[in-house]
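Here's the structure, in structure tokens; my notes come after.
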2 protein chains.
Amino acid sequence: MGLAIRYEHIKSCKQTGARLGRVHTPHGVIETPAFMPVGTQATVKTISPEELKQMDAHIILSNTYHLFLRPGHELIRQAGGLHRFMNWDRPILTDSGGFQVFSLSEMRKITEEGVHFRSHLNGDKLFLSPEVAMQVQNALGADIMMAFDECPPYPADHAYAKQSLERTSRWAERCLTSHERPNDQGLFAIIQGGMHEDLRRQSAADLTSMDFPGYAIGGLSVGEPKPLMYEVLDYTVPLMPANKPRYLMGVGSPDALIEGSIRGIDMFDCVLPTRIARNGTVMTSSGRLVIRNARYAEDFMPLDPNCDCYTCKNYTRAYIRHLIKAEETFGIRLTSIHNLHFLLNLMRNVRQAISEDRLLDYRNEFFELYGMNESNRGF
Amino acid sequence: MGLAIRYEHIKSCKQTGARLGRVHTPHGVIETPAFMPVGTQATVKTISPEELKQMDAHIILSNTYHLFLRPGHELIRQAGGLHRFMNWDRPILTDSGGFQVFSLSEMRKITEEGVHFRSHLNGDKLFLSPEVAMQVQNALGADIMMAFDECPPYPADHAYAKQSLERTSRWAERCLTSHERPNDQGLFAIIQGGMHEDLRRQSAADLTSMDFPGYAIGGLSVGEPKPLMYEVLDYTVPLMPANKPRYLMGVGSPDALIEGSIRGIDMFDCVLPTRIARNGTVMTSSGRLVIRNARYAEDFMPLDPNCDCYTCKNYTRAYIRHLIKAEETFGIRLTSIHNLHFLLNLMRNVRQAISEDRLLDYRNEFFELYGMNESNRGF
């Protein structure tokens, strides 16, 4: 166990709890703190692998639930695994399907054995359990796999959250046992416990005793206010082993990436940049910009004059607005490239700031430009 | 007049009426016979300019009607013209809007002055005439502009077709007169006349007397059987000046590109390759392939094993089928790249065959592989 993934600590920030590091995987190195673009259905929507490399993405995430439903993990195994199937030779992380089975599927029934549900695509009766999630992820062959967990809704009362985290711990053990490729794929466990400090403590104790090669924090960014999320991070991160990667699931707004890094998180993922791009909303160094607005109709500036992405080097706001209004997918490709580049560049800046022991200063500079204050960090 | 565009004849094919040449334009040279990908709304759907260059597209076409409606030609003039607006520095041809105004607009009323119609987007009352079409195309700034014509439906009786071509001739003269940038943009006239030889003769005589820098054949590929189209080409092409480019509008099936080249056509355009790509249909050296078919679910071959496009070098049928079924636009991007590459490569082969005086042989080889015979050339 743990042979596939190794965390290398480079340095800690003297201003914050942040750390600079590297996660070594079978398909290469991830510089951390890192943001992972999401390729739900074995593609980062509208973007080619070459474009992802051009914007220096070190790792992408793909969703086990979606691939399990379509095209099916056996097909991807036959194709030689997810890397070959989608033409991406850098690291991949697959989630466990746990979160999606609770948020997307229909008629689900949770038992100790696993979850029975109906496909949201065609109503097929399906079943996911720790063993099946491992079998599926072993077929996909990602560098990092996630243990099958139960993610409680927000808010969840103490009794529900406790029952749920205890089941997640039992399921994590079953995942460890049934994982068949520990030399090729590292399995991360997911700390649950809702917004309850004692439960996060219990979950972390359970899971760290099992010695996974990495740990994630689940059940955050599920609707709670951001200050509450940061509070949970404040007491949960110190419970996570210092010699293993720490992954905050589902987080990707610029402010939360910085705040998470400050608290010692190494890895993040979120659909935010590509999802808002599809509506024509982009992140810029001076805040967000909704390209559909009439004020950009005759604006021949790039999306962000301070950005050096492919989109900003070659296209104007007026052109991109035209494409989005005309429902041309090339417009979405341009806004997606810009938003992903923006977050990947933000993380480069975060790493640079850590190396210079000035992450707090960087945060303040970023927030001032971005037009953020304490009451306005929701992006 | 005629300063912007110059046709250079390289050689004629000894086996057919085909000719190898070059069209010199303000934005570079087009090797002919050439296929022009269509970028209706100032973008070739799903494809970047860099990808078009990678597949060696020499020129693209954009639609005046669509750009007139949205985003408007004045905006594009302000942006510095269509080339700068869409980040494409090679030649562009814009059509006149004539065909679209008849096929797309609502409540149109044709008078000698021009056409009153309602926008298919929002119902706005609009007007296009020879003068307005020139004004719009002068603002767009394409290397090649088309005269505003009336394209009769198929079938059109002799009386209607005659009336229509005579109006097209009068309109062509008005286009010549109102064209304001003859040094920067070449204006091509469109020969009409339906499927009537005497009328094509009359139209060609009218228009060649006016000395345009290039001539197109309009009113074909509008629903008539292909043998009839070839018959019209047989008697119309010889009426066109040998020292000017000859453009067959709206044609882009592989067989018609070869048959048109054989009859002396230099330029073609069609939405076919990108339109069928959006349904997951691709052209291959052994015929068409509908990637949605279940037989390709576990097929790990490229779309066309004989193709060296980006798609075929990197992705399998199984992966592309997955993307198309999952409604991922990256799948459409991959099939669009393949289809455009296929036709551009076909035209490279046609030019090579002309240079070797073996275009008839090439046609027969292509049709045999493609599974075509006299009754099956509809693609």
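Can you tell which of B:Ala142, B:Ala172, B:Ala159 is at pLDDT 95 or above, buried (at least 17 other Cβ atoms within 10 Å of the Cβ) and closer than 23 Å to B:Asp206 by Cα?
Selected residue: B:Ala172, the only one of B:Ala142, B:Ala172, B:Ala159 that is at pLDDT 95 or above, buried (at least 17 other Cβ atoms within 10 Å of the Cβ) and closer than 23 Å to B:Asp206 by Cα.
Quick grid of which residues meet (1) assigned to a helix (DSSP H, G or I); (2) more than 13 Å from chain B (Cβ to nearest Cβ); (3) open to solvent by less than 10 Å² (accessible area, probe 1.4 Å); (4) in contact with a Leu (Cβ under 6 Å, 6 or more places away or on another chain):
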site: A:Phe300; (1), (2), (3), (4): no, no, no, no
site: A:Leu303; (1), (2), (3), (4): no, yes, yes, no
site: A:Leu323; (1), (2), (3), (4): yes, no, yes, no
site: A:Leu334; (1), (2), (3), (4): yes, no, yes, no
site: A:Leu343; (1), (2), (3), (4): yes, yes, yes, no
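Being open to solvent by 30 Å² or more (accessible area, probe 1.4 Å), in a loop (DSSP other than H, G, I, E, B) and touching a strand residue (DSSP E or B) at 6+ places or on another chain (Cβ under 8 Å) is the filter here, so list the residues in region A:13-47 that pass it.
A:His27
So B:Ile190 fits all but one of (1) closer than 18 Å to B:Leu248 by Cβ; (2) open to solvent by less than 40 Å² (accessible area, probe 1.4 Å); (3) part of a loop (DSSP other than H, G, I, E, B); what number is the exception?
(3)
All but one of (1) assigned to a loop (DSSP other than H, G, I, E, B); (2) within 14 Å of chain A (Cβ to nearest Cβ) hold for B:Thr274, so report the exception by its number.
In the conditions (1) assigned to a loop (DSSP other than H, G, I, E, B); (2) within 14 Å of chain A (Cβ to nearest Cβ), B:Thr274 misses (1) alone.
Would region B:49-60 turn up any residue that is basic (Lys, Arg), assigned to a strand (DSSP E or B) and touching a residue at least 24 places away in the same chain (Cβ under 8 Å)?
So far as region B:49-60 goes, no, none of its residues is basic (Lys, Arg), assigned to a strand (DSSP E or B) and touching a residue at least 24 places away in the same chain (Cβ under 8 Å).
Regarding B:Leu360, is this residue more than 13 Å from chain A (Cβ to nearest Cβ) and either among the basic types (Lys, Arg) or on the phi < 0 side of the Ramachandran plot (or both)?
For B:Leu360, the condition - more than 13 Å from chain A (Cβ to nearest Cβ) and either among the basic types (Lys, Arg) or on the phi < 0 side of the Ramachandran plot (or both) - is met.
Of all residues in region A:238-252, how many are crowded, with 21+ Cβ neighbours inside 10 Å and at negative phi?
9
Report the residue count in region B:283-298 for those that are on the phi > 0 side of the Ramachandran plot and either within 14 Å of chain A (Cβ to nearest Cβ) or free of Cβ contacts under 8 Å to residues at least 12 places away in the same chain (or both).
Residues in region B:283-298 being on the phi > 0 side of the Ramachandran plot and either within 14 Å of chain A (Cβ to nearest Cβ) or free of Cβ contacts under 8 Å to residues at least 12 places away in the same chain (or both): 0 in total.
Collect the residues in region A:77-86 that are facing chain B (nearest Cβ under 9 Å) and either within 17 Å of A:His116 (Cα to Cα) or open to solvent by less than 40 Å² (accessible area, probe 1.4 Å) (or both), keeping them in residue-number order.
Once the filter is applied, which keeps residues that are facing chain B (nearest Cβ under 9 Å) and either within 17 Å of A:His116 (Cα to Cα) or open to solvent by less than 40 Å² (accessible area, probe 1.4 Å) (or both), region A:77-86 yields A:Ala79, A:Phe85, A:Met86.
Between a residue in region A:98-127 that is under 24 Å from A:Ile190 (Cα atoms) and modelled with pLDDT of 90 or more and any residue that is open to solvent by 70 Å² or more (accessible area, probe 1.4 Å) and among the acidic types (Asp, Glu), which pairs come within a Cβ distance under 7 Å, given they are 6 or more apart or on different chains?
Sorted first by the residue in region A:98-127, then by its partner, the pairs are A:Phe117/A:Glu106.
Run B:Ile10 past the list (1) among the hydrophobic types (A, V, I, L, M, F, W, C); (2) open to solvent by less than 10 Å² (accessible area, probe 1.4 Å); (3) part of a strand (DSSP E or B) and report the number of the one that doesn't hold.
Result: B:Ile10 passes all but (2).
Return the pairs, sorted by first residue and then second, in which the second residue is part of a loop (DSSP other than H, G, I, E, B) and among the small types (Gly, Ala, Ser), the first residue lies in region A:25-44 and is within 20 Å of B:Leu323 (Cβ to Cβ) and within 14 Å of another protein chain (Cβ to nearest Cβ), the beta carbons are less than 7 Å apart, and the residues are 6+ apart or on different chains.
From residues that are within 20 Å of B:Leu323 (Cβ to Cβ) and within 14 Å of another protein chain (Cβ to nearest Cβ), the pairs are A:Pro37/A:Ala57; A:Gln41/B:Ala326.
Only one of (1) away from every other protein chain (no Cβ under 14 Å); (2) under 28 Å from B:Arg275 (Cα atoms); (3) of a type outside the set (Ser, Thr, Tyr); (4) open to solvent by 20 Å² or more (accessible area, probe 1.4 Å) is not met by B:Glu50, so which one is it?
(1)
Just one of A:Asn138, A:Asn183, A:Asn122 is among the polar types (S, T, N, Q) and assigned to a helix (DSSP H, G or I); which is it?
One residue alone meets the criteria, A:Asn138.
Condition first: buried (at least 18 other Cβ atoms within 10 Å of the Cβ) and away from chain B (no Cβ under 11 Å). Now tell me which residues in region A:305-321 satisfy that.
Of everything in region A:305-321, those that are buried (at least 18 other Cβ atoms within 10 Å of the Cβ) and away from chain B (no Cβ under 11 Å) turn out to be A:Cys307, A:Cys309, A:Cys312.
Identify all residues within region B:220-237 that are touching a residue at least 60 places away in the same chain (Cβ under 8 Å) and either touching an Asp or Glu at 6+ places or on another chain (Cβ under 7 Å) or open to solvent by 10 Å² or more (accessible area, probe 1.4 Å) (or both); write none if there are none.
Scanning region B:220-237 gives B:Val222, B:Gly223, B:Glu224, B:Lys226.
The values are calculated or read from the model by the stated rules, or taken from the named source; none is laboratory data. Owing to the predicted nature of the structure, the values given are computational and were not obtained by experimental measurement. Cβ coordinates were reconstructed from backbone atoms using ideal geometry, including for glycine residues, and neighbour counts include every protein chain displayed. Accessible surface areas use protein heavy atoms only, side chains included; no ligands, DNA or RNA. Shrake-Rupley method; radii C 1.70, N 1.55, O 1.52, S 1.80 Å.
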